[in-house]
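Q: Pasting a structure below so you can have a look.
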Amino acid sequence: MSNPASSDHSDGNAMIFSAQEETTLRESLRRCPAPAVEAAVAYRKTGDPKLLPVIIVGIFERFVDADLRPKLAGPDCDDMRVIEDLGLDSLTMMEIVMLVEEVAKTQIANDELRNLSTIGEIKTFVDCRARGVPPPPMATSYARDAVLARMPIQPPFLFLDEARISATKATAGYRITGQEFFLQGHFKGNPVMPASIMLEALGQLGVFYLLTGLPVETGRVVGPATIFFASTDGVRCHRVCKPGDVLTLALKPKRVKAPLATFEGSIHVGAEKAVVVEELTLTFGVVDATPAS
């Protein structure tokens, strides 16, 4: 029996692709951009995985609102979240997945799809399937209780309601309730979350990444008491954030080698950019793991 997790194109060889199959494929993709259609036809003829990114972005372009399509061609395309940034619902995502499956001759199970939140994650997953190699480990989601249990920082100075950690990225959410102590004086009659606190929230996400997502040698862990804020660079604020806003935080590790971890990060409110940080650096140390009692 064949392995359903592997693709017909895993060996990179060309597959038999009849004229009737090409007609059917072109009909299925008729509302997609022409470059995506031609890339899909070429992929079915050659099995070249390098064609998949153009195909995937083109399929998404078919379904998103016209004003969002230019962003799919931009440098931040891979970081775009299919729900929050592109406004796609679950039924539309199923249509997209079915088209990707038809082109790539593979399958994406529902439980796998739930762990793919950005364009980049979908590209990577489909590319691995096409090459017949295991996809990277799925991200792990942490509810507030799990965040509280792991973080050395605690309320009222913890600004992570939940988090999602993978080997290459960390995301989190925080809702500004209006009850935060610092809003009493920032500002009088006009509560605004300080930019410094938003940077603190990103730093806290970096702490959580180091504690949960950073691979270290067996028997060793990142010590919670060893992590401290070191520096930031290239900070730009684009939006005022007020009570009721839900912040979506994102960090990507750029350079990690003890005792320093440098990330690039951002905060969005819905599709609106609030804060961008080119570099956020934490210091950390690795200690012996405490044996389980």
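Q: If you scan the stretch 94-126, which residues turn out to be surrounded by 17 or more Cβ atoms within 10 Å (Cβ to Cβ) and farther than 20 Å from Cys32 by Cα?
A: Correct list: Ile108, Leu113, Leu116, Ser117, Glu121, Thr124, Phe125.
Q: Go through the residues of the stretch 206-224 one by one and say whether even a single one is assigned by TED's automatic domain parsing to the domain that holds Ser166, in contact (Cβ under 8 Å) with a residue 12 or more places away in the chain, among the hydroxyl-bearing types (Ser, Thr, Tyr) and closer than 16 Å to Val277 by Cβ.
A: The answer is yes, given that some residue of the stretch 206-224 is assigned by TED's automatic domain parsing to the domain that holds Ser166, in contact (Cβ under 8 Å) with a residue 12 or more places away in the chain, among the hydroxyl-bearing types (Ser, Thr, Tyr) and closer than 16 Å to Val277 by Cβ.
Q: Would you list the strands (runs of 3 or more DSSP E) that sit entirely within the stretch 239-293 and hold 2 or more residues that are of a type in the set (Asp, Glu) and over 18 Å from the mean Cα position of the chain (by Cα)?
A: Numbers: elements: 246-257, 260-269, 272-283, 286-288.
Ranges flagged: none.
Q: Look at Thr226 and say whether it is closer than 16 Å to Val286 by Cβ, at pLDDT 95 or above and either touching an Asp or Glu at 6+ places or on another chain (Cβ under 8 Å) or of a type in the set (Ser, Thr, Tyr) (or both).
A: Judged against the criteria, Thr226 is a match.
Q: From Gly87, Gly74, grab the single residue that is part of a loop (DSSP other than H, G, I, E, B) and at negative phi. Please lay out each step first, then the result.
A: On the way: Gly87 fails: at negative phi.
It is Gly74.
Q: For the stretch 248-285, which positions are touching a helix residue (DSSP H, G or I) at 6+ places or on another chain (Cβ under 8 Å), more than 16 Å from Leu214 (Cα to Cα) and β-branched (Val, Ile, Thr)?
A: Within the stretch 248-285, Ile267, Val275, Val277 meet the criteria.
One line per residue, one yes/no per condition, for (1) part of a loop (DSSP other than H, G, I, E, B); (2) among the charged types (D, E, K, R); (3) modelled with pLDDT under 95:
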| site | (1), (2), (3) |
| --- | --- |
| His9 | yes, no, yes |
| Ala14 | yes, no, yes |
| Ala36 | no, no, no |
| Ala40 | no, no, no |
| Val54 | no, no, no |
| Ile59 | no, no, no |
| Met94 | no, no, yes |
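Q: In the stretch 34-56, is there at least one residue being within 17 Å of the chain's Cα centre (by Cα) and within 30 Å of Leu214 (Cα to Cα)?
A: Yes, because at least one residue in the stretch 34-56 is within 17 Å of the chain's Cα centre (by Cα) and within 30 Å of Leu214 (Cα to Cα).
Q: I'd like the full set of residues that are more than 23 Å from Val235 (Cβ to Cβ) and among the hydrophobic types (A, V, I, L, M, F, W, C), limited to the stretch 177-198.
A: Phe181
Q: Could you say whether any residue in the stretch 189-200 is modelled with pLDDT under 95 and out of contact with any strand residue (DSSP E or B) (no Cβ under 7 Å at 6 or more places or on another chain)?
A: yes
Q: Looking at the stretch 62-87, I want the residues that are more than 19 Å from Ile267 (Cβ to Cβ) and have a partner that is polar (S, T, N, Q) and part of a helix (DSSP H, G or I) with Cβ atoms under 7 Å, at least 6 apart or on another chain. Which pairs are those?
A: The qualifying pairs are Phe63/Thr92.
Q: If only one of Thr177, Thr168 is under 24 Å from Val240 (Cβ atoms) and not hydrophobic (A, V, I, L, M, F, W, C), which one is it? Outline the logic, then answer.
A: Values: Thr168 fails: under 24 Å from Val240 (Cβ atoms).
Every option except Thr177 fails the conditions.
The values are calculated or read from the model by the stated rules, or taken from the named source; none is laboratory data. Computed from a predicted structure; not experimentally measured. Every residue, glycine among them, receives a Cβ derived from its backbone with ideal geometry; neighbour counts consider all protein chains shown.
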